[in-house]
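Where a number appears in this text, it was derived from the coordinates with a stated rule and is not lab data. In this text the structure is predicted, and so the values were computed from the model without any measurement. Note that each Cβ is placed from the backbone with ideal geometry, even for glycine, and that neighbours are counted across all protein chains shown.
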Amino acid sequence: MRIVPAALKTEVTLECYACGYQQPYKLPHPPCPRCGHDFMEARYNYAAIRSRWPQILETRPSTMWRYRELLPLFDDQYQISMGEGGTPLLPAHNLGMMLGTPNLFIKDERQNPTNSFKDRQAALVISMMKEANVSELVVASTGNVAISYSAYSSHAGIKLWTFLPSLVPPEKMREIAIYGSEVVKVTATYDITKKVAAQFSQHKGIMDDRGIRNIGTREAMKTMAFEVAEQLAEVLGPAKPGVPWRAPDWYIQAVSGGMGPVGFWKGFQELYQMGLVDRIPKMALIQADGCAPMVNSFRKDLPEAEPVTSPDTQVITIATGVPGPAYGYLYKIAKREGGTFESVPDSETFRATHVLAKMEGLSMEPAAAAAFAGLFKLLGKGVIRRDEIIVVCCSGHTFPVEKFLLGPDWVKEVTESDVAGEAPTPKPPTEDLLGALDQLDERVKTIVIMEDNPEAARLLRRILQTRGDFQIAEAHNGREGMALIRRHRPDLILLDMMMPDMDGFAVLDALKADEALRDLPVIVVTAKELTQQERQRLQGQIKMLLQKGSFMDDDLLDDINALLDKV
């Protein structure tokens, strides 16, 4: 356990969210004595903290505990830590180039100890339980919370009862059991599972987690905001003189109960109050079409969420039909400061899972992929501008990989007889392992990419590699490209219009002048805003025109496959 140095004495006051009444902090949190409301906010001595931040942070390790003064734990001896927080903010180079979003970043929460952003929550809540001398705890979960709480409660010596809906993958249930937690599988929805857990807690006299109503859950999540503000300043520089950190324009996260965005927003609210950022970002909150109580209610302009009684989505970790108090909180934020709610179908979520794995090398859980599916949709609608600074939360790893993410043909098989030539039917003498692999797909086609930007060429190559067994040749100027075309006689040409030596128009003229090449199909992929005259010049010479930053990988592949089917 690492103890953060030079922490100020923690000063915490509880403030009622409904009426503003303040009272001393203690655990368990009492309801407001004035109005009876049980949603309390933690308030700190921000002036004293600002006088020491951010200089003191330079001496501290990169975990969530570096922000110790703004976390409701009095004594560091109770701190339970396994290195949570300090996760990287990754620039999404390939995806950003594909979408035309140069300032797109991914907050990679998979890097936490149990591969989920819930480790922040578990670390603080379990530490608070230990400080309050709690020895037994009940939690309801769709998987990740129970895994995180199990790991940290094991570390703290606290017995944990976990209640999970039956749709949680058995692999996750087994992982929870490995930590020594009690696993109770409830054959019902998550909302009913929460009720069963609460009844058990009350009957046994065991403290329950209370979800978003537990201050620790929200306070832990705000550390993501602190990290993002620091990390963006490192990459893009401070927002302006005298303001050391930087806020994004948009923060995007898929939501179930909504505690992550509530905590994230509170974190930026505190940073803004202390003058460490110059504004608070807008939030885009994403749900599954089959279970979107927040989205549906926001579209109706309802300040309280209408429940979804029968969730219909395979993304079980965000299938909460009754979101609780978070929606009203987030509704007010969106109305006051901008932001939006959006839903996406499961098919788009699974598509985004593949896109992020193949374009950025990030394997993520469907709940995280839903946030990216929401990004694609909001960019297409123009709600989010492509020149804005965007941070998307990758909330967790896709372990275990759900079976429905991969089709039946996700692996190609080559037998020993294919390699060694032991099959009864004689094979050509040149057939070896590579020959066997080449014969796995009879539709292998040759494509020439003509693109002067090496990164853009690499992106196009990567898109093609992930979706087919294409033979690909690259050229970074027009003359080199024409030489490749004459040598390979490709089935398709991907052509950029702005290249040295010969631009795209000159290449098209050269192809037209050569009787052997004039019928080769060409797709123009360009960042150039073409004039009406230039578009007319392309008519009859190309099969289609794609603007860089306005198409997804599937769009490009659909167009390519449609052309190759005709070849």
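I need the shape label for the range 118-213. Rule: rounded when a/c is under 1.5, else prolate if a/b > b/c, else oblate, with a, b, c from the alpha carbon gyration tensor.
Oblate is the answer for the range 118-213, as a/c is 1.5 or above yet b/c matches or exceeds a/b.
Three semi-axes describe the equivalent ellipsoid of the range 441-524; taken as square roots of 5 times the Cα gyration tensor eigenvalues and ordered largest first, they are 20, 16, 9 Å. Classified by the C-alpha gyration tensor, the range 274-402 has an oblate form. Its axis ratio a/c, with a ≥ b ≥ c, is 1.5 or above, and a/b does not exceed b/c. What is the angle, in °, between the Cα long axis of helix 144-156 and the longest principal axis of the Cα atoms in the chain? Nearest 10 is fine, range 0 to 90. Roughly 50 degrees, rounded to the nearest 10.
Arranged from fewest to most other beta-carbon atoms within 10 Å of their beta carbon, 385, 213, 218 become 385, 213, 218. Net length available on complete extension from residue 249 to residue 543 is 102.1 nm, with 0.36 nm assigned per residue and the Cα-Cα distance removed. For the pair residue 487 and residue 347, a Förster radius of 45 Å applied to the C-beta separation gives a FRET efficiency near 0.65, rounded to the nearest 0.05. Here the residues 130, 204, 118, 300, ranked from fewest to most Cβ neighbours within 10 Å of their Cβ, fall in the order 300, 204, 130, 118. Look at (i) 122, 56, 48; (ii) 87, 65, 48; (iii) 73, 53, 48: the one that is Cα extents along the principal axes in Å derived from this structure is (ii).
So if R0 is 45 Å, what FRET efficiency would residue 529 and residue 300 give, r being the distance between their Cβ atoms, rounded to the nearest 0.05?
0.70
To check you understand DSSP bridge types, tell me what percent of the beta bridges within the chain (both residues inside) are antiparallel, rounded to 5.
Of all bridge pairs located within the chain, approximately 25 percent are antiparallel.
Summary of the geometry: the range 89-122 and the range 446-478, compared by the centres of their Cα atoms, lie 26 Å apart. Each of residue 50 and residue 465 was given a label point 7 Å from its Cα along the Cα-to-Cβ line. The distance between the two points is 5.0 nm.
Of 505, 350, 117, 268, how do they rank once you tally other Cβ atoms within 10 Å and put the fewest first?
Numbers: 505 16, 350 20, 117 29, 268 25.
Listed from fewest to most nearby Cβ atoms, that is 505, 350, 268, 117.
Using a cutoff of 8 angstrom between alpha carbon atoms and counting only pairs six or more residues apart, the relative contact order for the chain works out to 11 percent.
With the simple model of a label 7 Å out from the Cα in the direction of the Cβ, residue 358 to residue 453 spans 2.1 nm. Relative to the longest principal axis of the Cα atoms of the chain, helix 478-488 runs at roughly 70 degrees.
Normalised by the number of residues in the range 118-213, the mean separation of alpha-carbon contacts (under 8 Å, six or more apart) gives a relative contact order of 31 percent. Other residues lying with their Cβ under 11 Å from the Cβ of residue 194 contribute a combined charge of -1, Lys and Arg counting +1, Asp and Glu -1. Taking a point 7 Å out from the Cα of residue 536 in the direction of its Cβ, none of the residues of the range 495-524 has a backbone N less than 17 Å from it.
If you average the alpha carbon positions of the range 135-150 and of the range 212-232, how far apart do those two centres end up, in angstrom? Between the Cα centres of the range 135-150 and the range 212-232 lies a distance of 19 Å.
Only DSSP H runs of four or more residues enter the estimate; each adds -39500 (n - 2.57), and after division by the residues of the chain the mean residue ellipticity at 222 nm equals -11500 deg cm²/dmol. For the residue pairs 194/282; 118/358; 118/195, the alpha carbons lie more than 28 Å apart in 194/282.
In order along the range 509-520, phi translates into HN-Hα couplings of 5, 5, 5, 5, 6, 9, 4, 7, 10, 5, 9, 5 Hz, rounded to whole numbers, per the Karplus curve 6.51 cos²θ - 1.76 cosθ + 1.60 with θ = phi - 60° and x for Gly and Pro.
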